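The values are calculated or read from the model by the stated rules, or taken from the named source; none is laboratory data. Since this is a predicted model, take the numbers as computed values, not measurements. Please note: Cβ atoms are built from the backbone with ideal geometry, for glycine as well, and neighbour counts cover all protein chains shown.
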């Protein structure tokens with residue numbers, strides 16, 4: 001089984017390499033950033049020796065934010081037959097969702113601090129390489145929460161979504177009314193319906209408005 005490791009920490013990269021090779025896996029490349037990962041996989045594929053799985057960190061140079069997981073999303077699009085296992089200290093919801101979009105075959109997302117045993121990690125690498133899935137329960141929980149936020153907005157009518165979008169732009173009810181060429185009263189009714197459907201209890205108007213906009217932006 002052929003593995004590519006993408007991890008900017010030299011010590012961790014070498015540690016992963018030793019861990020996997022000691023258990024019979026072949027580490028064919030070790031790189032320290034997203035661009036190097038894509039190049040290494042490309043070169044291996046061109047040479048007719050494509051890896052079975054890539055193990056990559058989320059945060060890598062140059063900004064140490066999401067370069068690693070973005071490279072994995074790109075890799076999934078270019079080489080869907082190669083398994084991708086992301087290791088992270090946190091859940092990057094957007095890219096985790098993109099990794100799982102369309103098909104969960106040959107994909108994993110594990111949180112470093114929650115990997116309790118070496119054997120579990122190696123089993124996850126092997127499983128993803130074979131086309132299986134390895135997802136930390138915390139990742140699943142957060143993605144389900146994100147999905148539920150989206151479902152809440154599904155209950156809004158097209159006009160209510162339009163009003164909420166204008167609210168997110170910072171417009172007042174009067175400004176929204178002018179934009180939509182309706183009365184102020186009509187907008188107030190739409191806003192009231194939005195608050196009700198989003199489950200925002202009666203409180204200060206400005207507070208509920210902020211919460212509604214946050215729900216919209218997070219969906």
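Here is how the numbers come out for the structure above:
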| quantity | calculated |
| --- | --- |
| Yes/no for residue 118 being in contact (Cβ under 8 Å) with a residue 24 or more places away in the chain and buried (at least 18 other Cβ atoms within 10 Å of the Cβ) | no |
| Inter-residue pairs, beta-carbon under 7 Å, first exposed (fewer than 13 other Cβ atoms within 10 Å of the Cβ) and in the stretch 12-31, second not in a strand (DSSP E or B), 6+ apart | 26/1 |
| Test: residue in the stretch 145-159 that is touching a helix residue (DSSP H, G or I) at 6+ places or on another chain (Cβ under 7 Å), assigned by TED's automatic domain parsing to the domain that holds residue 66, modelled with pLDDT under 85 and within 20 Å of residue 66 (Cα to Cα) | no |
| Residue in the stretch 127-143 that is surrounded by 13 or more Cβ atoms within 10 Å (Cβ to Cβ), modelled with pLDDT of 90 or more and in a helix (DSSP H, G or I) present | yes |
| Subset of the stretch 16-42 (residues that are over 17 Å from residue 68 (Cβ atoms) and assigned to a helix (DSSP H, G or I)) | 18, 19, 20, 21 |
| Residue 100 being in contact with a helix residue (DSSP H, G or I) (Cβ under 9 Å, 6 or more places away or on another chain) and buried (at least 22 other Cβ atoms within 10 Å of the Cβ) | no |
| Qualifying residue in the stretch 66-77 (condition: assigned by TED's automatic domain parsing to the domain that holds residue 97, farther than 19 Å from residue 109 by Cα, surrounded by fewer than 19 Cβ atoms within 10 Å (Cβ to Cβ) and touching a helix residue (DSSP H, G or I) at 6+ places or on another chain (Cβ under 9 Å)) | no |
| Selection count, the stretch 99-120, where residues are in a helix (DSSP H, G or I) and either at pLDDT 85 or above or within 16 Å of residue 51 (Cβ to Cβ) (or both) | 4 |
| Members of the stretch 43-64 that are part of a helix (DSSP H, G or I) and in contact (Cβ under 8 Å) with a residue 12 or more places away in the chain | 44, 45 |
| Residue under evaluation residue 123, criteria (1) modelled with pLDDT of 75 or more; (2) loosely packed, with under 15 Cβ neighbours inside 10 Å; (3) not in a helix (DSSP H, G or I), criterion not met | (3) |
